[in-house]
Amino acid sequence: VPLGPLDMVVLATGMVPNSTDPDAPAQEYGAELLNADINPYPADGDYKPAACVPPGGSLLNLQYRQGPHLPMLADGFSDSHYICFPYETRRTGIYACGPVRRPMDMSEVGEDAMGAVLKAIQVIRNAAQGQAVHPRVGDLSYPKIGLNACTKCRRCTVECPFGAIDEDEKDYPVVNPTRCRRCGTCMGACPVRTISFDNYTVEMLSSMVKAVNIPDEFDEKPRILIIACENDAYPALDMAGIARHQYSSFVRILPVRCLGSMSVLLISDALSVGYDGVVLMGCKPGDDYQCHFVKGSAMAKERLSKISETLKSMQLEVERVSMVDASIADSARLPKVIDELVAKIDAVGPNPFKGF
Ligand code: SF4
Ligand code: SF4
C-alpha cells in the first residue's frame, strides 16, 4: 500500500499490521545494526516472530531504512510504551488499537479504537500548527545536527529508537521531524557532541555537572552524581523526598530526558572534575521494558559497558560508575540502594582528580 499521500490508516480487527517478514533486510547499508531495531529484545522462550505472521512481503511497506515493518516488541505487540503511550507504535504516526497492541475482548475494542483515533487527531492538529507531535514543556525544538563537526559515523541513525534519522546523498544525517519524539537518544549517541536541542545540549548538562560544589579530599565528604531519567527515576526520588525517606546527602541528582540522551562524555566530565562516583538511574531495559523511548536505557547500558576503557585511561576504578534500574514505584527502595552505592564508592577512596 503506498502510504505517502495518506494521513491516517485504520486497520480493522483481524488484519495483520506487523511485518509479514521480520527478517527482511534493511533497505541500505548497515543492515545488521539497523535490523536490531526491528525486534531488539527477542524472547528466549517459545515466541518466534516469524511464526506469528503470514509469509510474503510487508503489508505496510514503510519507507524506513530500518525496514518496511512495524516493529514488534516482546510477545509480538507493536506498542512503544504500554503504560504512558498506549496507542503509540515505534513508527510515529501509526497508532494501534485492539488486540494488535494487547489482548482485549470486543467490548473493549470500540473504546480502544476511539482512543487511537483521538490520538491521531491530536497529532494531525499539532502538525497543522507546526507544533511538535511530542512537545515537552517549554521546548518545541527538534534535534539540530552541526554538520561541520559530523564525522558521518551513523551512530545517531542506528540508535534512534524511532527510525527518525536518515542520511542525505552525502551521507550526512537528516532528522525527519514528523517521526522524532525528542527523546535525545541521538544526542547521547553522538561521539562528537554535535547534536543538540534549543534548550537541551550535552554542554548544558556538562555545565550543570561542573556547577556543583565538590568538597576537597580533606573534607571526607564524597560527592556522587546520580544521572536520573526524568520519566521514572527522578519522580521516584521526588516521591521518596515527599515520603521523607532519608538517603545520603553526598549525592547530587541531574535529571535527563531519557538515559539514552546521556553521553558517556558526561561521565568522564564528572570524574575529571572530582566526583567520586557516577550512578545512572533509569528504566529497566529488556523484554519487560519500561523505557518511555523503548530502548533509551538499553542504549545507555550498552554505552556504559564500554566505559571501563575510559576509566582505565583515567587510572580510575570501575566501581566508581554503575547503573541502577528504577521504576516510578521504587521510591521506598531507592534510598537503601543509594546508601549502599555511596558506601561502595566511599570504600574505593577519594577521586584523585579532586582539586584539579
Ligand atoms: S530525539 Fe529521539 S526520536 Fe528524535 S531523532 Fe533523536 S533519537 Fe530519534
Ligand atoms: S552520531 Fe554525530 S557524528 Fe555520527 S553521524 Fe550522527 S551527527 Fe554525525
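The values are calculated or read from the model by the stated rules, or taken from the named source; none is laboratory data. Remember, predicted model here, so these are calculated numbers, not experimental data. Because the Cβ atoms are built from the backbone with ideal geometry, glycine has one as well, and the counts that use them run over all protein chains shown. Remember, those area values only see protein heavy atoms, side chains included, never the ligands or the DNA or RNA. Shrake-Rupley method; radii C 1.70, N 1.55, O 1.52, S 1.80 Å.
Taking the criterion of being more than 16 Å from Val337 (Cβ to Cβ) and not in a helix (DSSP H, G or I), the residues of segment 223-248 that qualify are Arg223, Glu230, Asn231, Arg244. The set of residues in segment 148-166 being more than 16 Å from the chain's Cα centre (by Cα) and either within 9 Å of ligand 1 (Cβ to nearest atom) or farther than 23 Å from Val264 by Cα (or both) consists of Asp166 alone. Within segment 167-189, the set of residues being buried (at least 19 other Cβ atoms within 10 Å of the Cβ) and more than 8 Å from ligand 1 (Cβ to nearest atom) comprises Pro173, Gly188. Of the residues in segment 197-208, at least one is open to solvent by 10 Å² or more (accessible area, probe 1.4 Å) and within 11 Å of ligand 1 (Cβ to nearest atom). Here Ile242 qualifies as within 19 Å of Asp330 (Cα to Cα) and either open to solvent by 20 Å² or more (accessible area, probe 1.4 Å) or not assigned by TED's automatic domain parsing to the domain that holds Thr92 (or both). Answer with yes or no whether Gly146 is in contact (Cβ under 8 Å) with a residue 40 or more places away in the chain, farther than 30 Å from Val342 by Cβ, within 16 Å of ligand 2 (Cβ to nearest atom) and surrounded by fewer than 16 Cβ atoms within 10 Å (Cβ to Cβ). Yes. For Phe250, state whether it is modelled with pLDDT under 90, surrounded by 15 or more Cβ atoms within 10 Å (Cβ to Cβ) and not assigned by TED's automatic domain parsing to the domain that holds Pro191. Answer is no for this residue.
Checked against the criterion of being small (Gly, Ala, Ser) and within 11 Å of ligand 2 (Cβ to nearest atom), segment 178-189 contains one or more residues that satisfy it. With a requirement of 3 or more residues that are of a type in the set (D, E, K, R) and more than 23 Å from Leu237 (Cβ to Cβ), none of the helices (runs of 4 or more DSSP H) lying completely within segment 265-356 satisfies it.
If the condition is being within 20 Å of the chain's Cα centre (by Cα), open to solvent by less than 70 Å² (accessible area, probe 1.4 Å) and of a type outside the set (Asp, Glu), then segment 318-341 contributes Val321, Ser322, Met323, Val324, Ala326, Ser327.
So, Lys119, is that one free of Cβ contacts under 8 Å to residues at least 40 places away in the same chain, within 16 Å of ligand 2 (Cβ to nearest atom) and either farther than 24 Å from Val264 by Cβ or assigned by TED's automatic domain parsing to the domain that holds Leu265 (or both) or not? No; evaluated as a whole, the condition is false for this residue.
The residues of segment 213-241 that are over 21 Å from Gly282 (Cα atoms) and out of contact with any Phe, Trp or Tyr (no Cβ under 8 Å at 6 or more places or on another chain), listed by number, are Asn213, Pro215, Asp216, Glu217, Phe218, Asp219, Glu220. Among the residues of segment 255-288, those that are open to solvent by 10 Å² or more (accessible area, probe 1.4 Å) and on the phi < 0 side of the Ramachandran plot comprise Pro255, Arg257, Val264, Leu265, Ser268, Asp269, Ser272, Val273, Lys284, Pro285, Asp287, Asp288.
Determine if segment 151-164 includes at least one residue that is more than 23 Å from Phe197 (Cα to Cα) and open to solvent by 50 Å² or more (accessible area, probe 1.4 Å). There is no residue in segment 151-164 that is more than 23 Å from Phe197 (Cα to Cα) and open to solvent by 50 Å² or more (accessible area, probe 1.4 Å). The residues in segment 287-320 that are modelled with pLDDT of 90 or more and hydroxyl-bearing (Ser, Thr, Tyr) can be counted, and the count is 0.
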